[in-house]
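S.K.: Sharing a structure here in structure tokens format.
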Amino acid sequence: MLQTAQIKTKTIKTKKTTVSSDNVTDLDIITRIKAGDDNAYGDIIRRYNQRMFRVARSIVTDDAAAMDIVQEAHIKAYTKLNEFRGSIQFFSWLAVRFHYVVP
């Protein structure tokens, strides 16, 4: 029983650490990606996926089509990430990639 309580405490601490990553800026994440941390793009997806889906869903009436648009936009953004200079908000830059994908 004591071991179970210790495991639960460790899990809670891990979750708190994850939550504090909200203080990480887009530029921090982009810097990690450009430095070779390909897994860091998942942070971008988690940060903007819902917002992009809402925009896509306002354009197309089908959820599956909206998700396809979002996925294609993320792929385009990832392949063009070296073009992001940080002079504008990342979501604005991402939105431009998004509009290239919308049918």
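The values are calculated or read from the model by the stated rules, or taken from the named source; none is laboratory data. The shown structure was predicted, so the numbers you read here are calculated from the model rather than taken from an experiment. As a convention, Cβ positions derive from the backbone with ideal geometry for all residues, glycine included, and neighbour counts pool all protein chains shown.
S.K.: Restricting the first residue to segment 85-103 and requiring it to be free of Cβ contacts under 8 Å to residues at least 24 places away in the same chain, which pairs with a second residue that is assigned to a loop (DSSP other than H, G, I, E, B) and among the aromatic types (Phe, Trp, Tyr) meet a Cβ separation below 7 Å and a spacing of at least six or different chains?
M.R.: 93/84
S.K.: Before we move on, is residue 65 at pLDDT 90 or above, surrounded by 12 or more Cβ atoms within 10 Å (Cβ to Cβ), over 16 Å from residue 26 (Cα atoms) and more than 17 Å from the chain's Cα centre (by Cα)?
M.R.: So residue 65 fits the description; yes.
S.K.: Scan segment 37-44 and tell me whether some residue there is of a type in the set (S, T, N, Q) and farther than 20 Å from residue 23 by Cα.
M.R.: Within segment 37-44, none of the residues are of a type in the set (S, T, N, Q) and farther than 20 Å from residue 23 by Cα.
S.K.: When residue 101 is evaluated against the numbered criteria (1) more than 17 Å from the chain's Cα centre (by Cα); (2) loosely packed, with under 15 Cβ neighbours inside 10 Å, which criterion, by number, is the only one it fails?
M.R.: Here residue 101 clears every test but (2).
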